[in-house]
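What follows is a single structure, written as structure tokens, with notes after it.
We did not get these values from a lab; they are worked out from the coordinates using the rules stated. Nothing here was measured: the structure is a model prediction, and the numbers come from that model. Don't worry about glycine lacking a Cβ; one is built from the backbone with ideal geometry, like all the others, and counts go over all protein chains shown.
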Amino acid sequence: MPCIESAARAANRARALAVIGVLMLASCAAPPPPAPAPGRPAPAPAAPSAAAGQLPAPKTPRSMQELRAQAALRIVAASPGMTYDGKVPDILLAIPVLEIELNADGSIRHIDVMREPRQAKDTIKLAIDAVKRAAPFGSVAHLPKPWKFQETFLFNDDRKFKPRTLDS
């Protein structure tokens, strides 16, 4: 049983690191505006911009493995209320697999569906939309081509997903 206990601890550690990464991404925010100079009125609050609610700029990944991990964290952060964490159910609703090809700047060049689920085909669009919301993924110009990675989406019965990268 030591191997099972060790694997369970490793899985818990991976989940904890994933949660920490999501929290770190979510906590990134613009610093507060500087206080007005004495004797000057405070500036009027800025109108909400189209960028409100967007993710912070991605870091430049050092490897394809780091790119994949950062992408999974960004996908979760960009999809509040659409994901789940914790244990993956024994029976899943759907498991679409996407291959994401990037441009040098980390923007999406193309998304291919590598595995289409037999049922709940709408989960393909949910997964593609989640990837698009999370882009860009950081400059990959320094990494060897092709700039592609795959992500498997584990959908539960509530049509909430978990990227497989965060489950391993």
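Across the range 67-126, the fraction of Cα-Cα pairs farther apart than 15 Å, rounded to a whole number, is 63%.
Compute the signed sum of charges (Lys and Arg +1, Asp and Glu -1) over the other residues within less than 12 Å, Cβ to Cβ, of Glu116. Net charge in that neighbourhood comes out at +2.
Once the Cβ-Cβ distance of Ile91 and Met114 is raised to the sixth power relative to R0 = 22 Å, the FRET efficiency obtained is 0.55. How large is ³J(HN,Hα), in whole Hz, for each residue of the range 117-127 in order, when computed from phi with the Karplus curve 6.51 cos²θ - 1.76 cosθ + 1.60 and θ = phi - 60°, using x for Gly and Pro? Each residue of the range 117-127 in turn: x, 6, 10, 6, 5, 5, 5, 4, 5, 4, 5 Hz. Note on the range 58-168: Cα Rg divided by 2.2 N^0.38 Å, N the number of residues, gives 1.02.
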